[in-house]
1. For residue 96 paired with residue 27, estimate the spin-label separation in nm (one decimal), with each label point 7 Å from Cα along the Cα-to-Cβ line.
2. Using +1 on the beta carbon of Lys and Arg, -1 on that of Asp and Glu, and nothing else charged, what's the dipole of the stretch 26-98 about the Cα centre, debye to 20?
3. For an R0 of 25 angstrom, estimate the FRET efficiency from the Cβ-Cβ distance between residue 46 and residue 113 and round to the nearest 0.05.
4. Could you work out how much longer the chain between residue 105 and residue 20 gets when fully extended? Use 0.36 nm per residue separation minus the Cα distance between them, nm to one decimal.
5. Do any trypsin sites (Lys or Arg not before Pro) in the stretch 29-65 lie in a DSSP loop with no more than 14 other beta carbon atoms within 10 Å, and if so, which?
6. Which percent of the accessible heavy-atom area of the stretch 33-89 goes to carbon and sulfur, probe 1.4 angstrom?
7. Between the stretch 28-58 and the stretch 82-102, how far is it from one alpha carbon centroid to the other, in angstrom?
8. Express in Å², to the nearest 10, the accessible area of residue 96 obtained by rolling a 1.4 Å probe over the protein heavy atoms while all chains stay in place.
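The values are calculated or read from the model by the stated rules, or taken from the named source; none is laboratory data. These numbers were taken from a predicted model, which means no experiment stands behind them. In this analysis, Cβ positions are derived from the backbone assuming ideal geometry, glycine residues included, and neighbour counts consider all displayed protein chains. Protein only, heavy atoms only, side chains kept; ligands, DNA and RNA dropped before computing areas. Shrake-Rupley method; radii C 1.70, N 1.55, O 1.52, S 1.80 Å.
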Amino acid sequence: MNEFQDVSRAPAAGLFLYDRDCGFCQRSVDFARYRVRSEVTFTPWQDFDLASAGLTPAEANAQAWLLLPDGPARAGGDAITEVLRRGRRWARCLGSLMRLPGVRRLNRAIYRLVASHRHRLPGGTSSCALPRPGA
């Protein structure tokens, strides 16, 4: 377990929840840590008290979440945008661009597409696959 086991202890820059069993998610988090150098703290949702943030395992598995101490949680593409906005200068610029209305809609659509096919992407394995709706 890590020190951020519930939402009451989320760091000021935010706590990003990801799927530790997904290789693609792991690679994406490594990119955010070492290339983007985001100030966000990353933790697997499996090591976190989801109920403290009002989340279920199914919700946490379906998309990434950024928990913020001073505002509502961000999910999916919006979570990625905020991770970028807390990184290096180039990433902050990209994150700010991704907040624009038309770009935001496109970002959300791309995130959903990537999330639904993450098992087919580099680093992805069959354990990355999301359950099918209604299954």
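1. In this crude spin-label approximation the distance works out to 3.1 nm.
2. Numbers: 10 positive and 8 negative charges, 121 e Å.
That gives a dipole near 580 debye.
3. 0.55
4. 27.9 nm
5. Within the stretch 29-65, the qualifying trypsin sites (Lys or Arg not before Pro) (loop, at most 14 other Cβ atoms within 10 Å) are 37.
6. Values: 1250 of 2730 Å².
Of the solvent-accessible surface of the stretch 33-89, carbon and sulfur hold 46 percent.
7. Taking the Cα centre of each part, the stretch 28-58 and the stretch 82-102 sit 18 Å apart.
8. Only protein atoms counted, so the area is about 60 Å².
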